[in-house]
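The values are calculated or read from the model by the stated rules, or taken from the named source; none is laboratory data. It should be emphasised that the depicted structure is a prediction, and the values quoted were computed from it without experimental measurement. With ideal geometry, Cβ positions are generated from the backbone for all residues, glycine too; neighbour counts draw on all protein chains shown.
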Amino acid sequence: MYQSIQLWNNVYSGKAPWLSSSVKSLNLAAAVSSELARLVTLEMNLNISGGERAKFLSAQCAPLIKNLRRAAEYACAGGGIVFKPYLYRNRIFIDVIRSDRFFPLEFDCSGNISSALFTAHKYIGKKHCTLFEIHRISNNGVDISNTAYSSDSPYSLGSKVPLSSIPEWSERAEKLHISGVSSPLFSYFKMPLANNIDPDSPLGVSVFSRAVELIEQADSLFASIMWEYEGSELAIDASIDLFDKDQNGNPVLPKGKERLFRAFDIDSMRDGAFLKQFSPEIRDRSLFNGLDKIFKRIEFNCGLSYGSISDPHNSELTATEIISSKQRLYSTVSDIQKSLEHALSELVDAVNIWTSAAKLAPSGKYDLSFSWDDSVIIDASSEQKIRLEEVNSGIIAPEVYLAWRYGVSSEDAKKLLPKKDV
């Protein structure tokens with residue numbers, strides 16, 4: 001799994017192993033991850049209601065919610081991320097730990113990670129410092145241990161050093177026990193795809209894990225298209241006798257037009273002509289059609305609808321295929337939203353535990369609610385048509401439809417109704 005995670009992160013960041021000086025990245029992995037993250041977090045709201053405790057929890061989670069789309073993109077690319085709150089100077093901060101920075105140690109019978117190792121890195125001058133933080137569930141609570149190392153090289157762990165020697169980690173305890181806790185003090189936002197790399201692993205897989213080879217084919221084919229354009233550039237094959245010579249006897253091509261002219265010995269030219277135009281036919285249409293078909297396979301394998309990265313105008317899909325394509329995207333986004341909602345709920349619980357342990361806010365209950373942009377999951381035009389038909393048939397009252405349509409209360413919806421003549 002670690003090797004697969006490294007591959008996904010490299011492909012996502014434009015460092016795929018098949019790239020070279022001639023084969024450049026189309027950044028398809030980043031595009032797929034970004035598009036799904038955008039749709040998942042579009043107009044997403046987290047509401048923590050209650051008393052002073054709820055206000056405090058909401059304030060601690062606000063920075064993460066503000067940058068949730070970026071975190072969701074990292075999760076889509078790497079298969080998942082961890083939200084891990086920690087205490088620092090009477091505040092609770094939330095680390096967003098990417099998939100290659102944590103390692104599950106234990107998981108329960110439901111496949112949930114119960115114990116894990118987290119790593120963090122930073123430079124102090126020329127010293128490369130590493131932090132190992134381990135969370136374990138014990139019989140009567142959670143045990144947390146922190147160990148720091150320092151090395152002259154980023155490829156070596158080096159020797160153990162005191163946490164106090166590194167300012168950002170100086171307030172962490174080497175060993176900490178929080179009693180009365182039965183769940184981990186972190187949450188794992190996992191992509192809701194079956195793990196076909198290692199079915200026994202609790203880790204998620206990247207949203208483009210089933211399209212890595214297709215992404216490689218797309219990058220290679222696009223490189224061929226670029227070579228086709230470069231190789232078929234208009235050129236003039238001319239005898240070297242037509243050009244002036246420099247001091248070494250080499251032909252001097254017209255300044256600024258060196259790419260247009262190619263000098264040849266007259267004897268090497270096929271028909272003995274002094275000038276000949278080189279202008280071969282470009283096969284770009286067939287090549288781009290082939291590339292677009294690969295794009296569509298990538299969209300299918302990644303749970304996107306057709307036209308997300310392929311050309312929406314270059315398609316001969318039937319109405320059934322279009323509907324199926326949209327439903328596939330709706331399902332993908334909906335499943336990721338459910339997974340994100342579960343992870344954020346567990347995160348708020350963990351922040352609440354830290355709040356109680358450090359006595360940062362008055363005790364009290366809180367209610368958690370989420371709202372999502374339903375237009376991503378539901379075909380808005382179809383839903384509106386159905387509701388209008390229900391109003392016309394008398395199944396629902398007009399004010400119920402207006403309240404849904406304009407997002408107002410029932411009382412305000414009644415005010416929108418036309419006044420009846422007395």
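Being modelled with pLDDT of 90 or more, in contact with a Pro (Cβ under 8 Å, 6 or more places away or on another chain) and not assigned by TED's automatic domain parsing to the domain that holds ALA37: is that true of ALA120 here?
Working: modelled with pLDDT of 90 or more: yes; in contact with a Pro (Cβ under 8 Å, 6 or more places away or on another chain): no; not assigned by TED's automatic domain parsing to the domain that holds ALA37: yes.
In short, no.
Scan the stretch 12-19 and give yes if some residue there is in a helix (DSSP H, G or I) and at pLDDT below 95, otherwise no.
First, the residues of the stretch 12-19 that are in a helix (DSSP H, G or I): 12.
Within this subset, residues satisfying the condition of being at pLDDT below 95 are none.
Looking for residues that are in a helix (DSSP H, G or I) and at pLDDT below 95, one finds none in the stretch 12-19, hence no.
For the stretch 152-178, what are the residues that are in contact with a helix residue (DSSP H, G or I) (Cβ under 9 Å, 6 or more places away or on another chain) and either of a type in the set (Gly, Ala, Ser) or closer than 30 Å to GLY303 by Cβ (or both)?
SER170, ALA173, listed by residue number.
Could you look through the stretch 25-45, keep only residues that are in a helix (DSSP H, G or I) and of a type in the set (Gly, Ala, Ser), and pick out the one that is nearest to ALA211 (Cα to Cα)? Give the derivation first.
Just the residues of the stretch 25-45 that are in a helix (DSSP H, G or I), to begin with: 28-41.
Those left that are additionally of a type in the set (Gly, Ala, Ser): 29-31, 33-34, 37.
Numbers: ALA29: 9, ALA30: 13, ALA31: 13, SER33: 12, SER34: 15, ALA37: 17 Å.
The extreme case among them is ALA29.
Would you confirm whether any residue within the stretch 362-376 is modelled with pLDDT of 85 or more and assigned to a helix (DSSP H, G or I)?
The answer is no, given that none of the residues of the stretch 362-376 is modelled with pLDDT of 85 or more and assigned to a helix (DSSP H, G or I).
If I ask for residues that are part of a loop (DSSP other than H, G, I, E, B), under 15 Å from PHE107 (Cα atoms) and among the small types (Gly, Ala, Ser), which ones from the stretch 179-203 would you list?
SER182, SER183, SER201
For SER22, all conditions in the list (1) among the polar types (S, T, N, Q); (2) assigned to a loop (DSSP other than H, G, I, E, B); (3) crowded, with 20+ Cβ neighbours inside 10 Å hold save one; what is the number of the exception?
Only one criterion in (1) among the polar types (S, T, N, Q); (2) assigned to a loop (DSSP other than H, G, I, E, B); (3) crowded, with 20+ Cβ neighbours inside 10 Å is unmet by SER22, namely (3).
Could you go through the stretch 83-90 and let me know if any residue there is among the hydroxyl-bearing types (Ser, Thr, Tyr), in contact with a Lys or Arg (Cβ under 9 Å, 6 or more places away or on another chain) and either touching a residue at least 40 places away in the same chain (Cβ under 8 Å) or assigned to a loop (DSSP other than H, G, I, E, B) (or both).
Just the residues of the stretch 83-90 that are among the hydroxyl-bearing types (Ser, Thr, Tyr), to begin with: 86, 88.
Pick out the ones that are also in contact with a Lys or Arg (Cβ under 9 Å, 6 or more places away or on another chain) and you get 86, 88.
Then drop every residue that is not either touching a residue at least 40 places away in the same chain (Cβ under 8 Å) or assigned to a loop (DSSP other than H, G, I, E, B) (or both), which leaves 86, 88.
Yes.
Among the residues of the stretch 138-160, how many are surrounded by 15 or more Cβ atoms within 10 Å (Cβ to Cβ) and farther than 22 Å from LYS84 by Cβ?
Total satisfying the criteria: 3.
Just to verify a result, which residue in the stretch 44-75, among those that are in contact with a helix residue (DSSP H, G or I) (Cβ under 8 Å, 6 or more places away or on another chain) and small (Gly, Ala, Ser), is surrounded by the most Cβ atoms within 10 Å (Cβ to Cβ)?
ALA75
Checking the condition in the same structural domain as VAL348 (by TED's automatic domain parsing), closer than 30 Å to LYS296 by Cα and without any contact (Cβ under 8 Å) to a residue 60 or more places away in the chain, which residue from ALA29, ALA37, ALA77, ALA62 passes? Show your work before the answer.
Values: ALA29 fails: without any contact (Cβ under 8 Å) to a residue 60 or more places away in the chain; ALA77 fails: without any contact (Cβ under 8 Å) to a residue 60 or more places away in the chain; ALA62 fails: closer than 30 Å to LYS296 by Cα.
That would be ALA37, the only listed residue that is in the same structural domain as VAL348 (by TED's automatic domain parsing), closer than 30 Å to LYS296 by Cα and without any contact (Cβ under 8 Å) to a residue 60 or more places away in the chain.
Results for (1) at pLDDT 90 or above; (2) at positive phi; (3) assigned to a loop (DSSP other than H, G, I, E, B); (4) hydroxyl-bearing (Ser, Thr, Tyr), shown as yes or no for each residue.
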site: PRO104; (1), (2), (3), (4): yes, no, no, no
site: CYS109; (1), (2), (3), (4): no, no, yes, no
site: SER115; (1), (2), (3), (4): yes, no, no, yes
site: ASP143; (1), (2), (3), (4): yes, no, no, no
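Taking PHE132 as the residue in question, decide whether it is in contact with a Leu (Cβ under 8 Å, 6 or more places away or on another chain), under 21 Å from PHE93 (Cβ atoms) and surrounded by fewer than 19 Cβ atoms within 10 Å (Cβ to Cβ). Spell out the reasoning first.
On the way: in contact with a Leu (Cβ under 8 Å, 6 or more places away or on another chain): yes; under 21 Å from PHE93 (Cβ atoms): yes; surrounded by fewer than 19 Cβ atoms within 10 Å (Cβ to Cβ): yes.
When the stated conditions are applied, PHE132 passes them.
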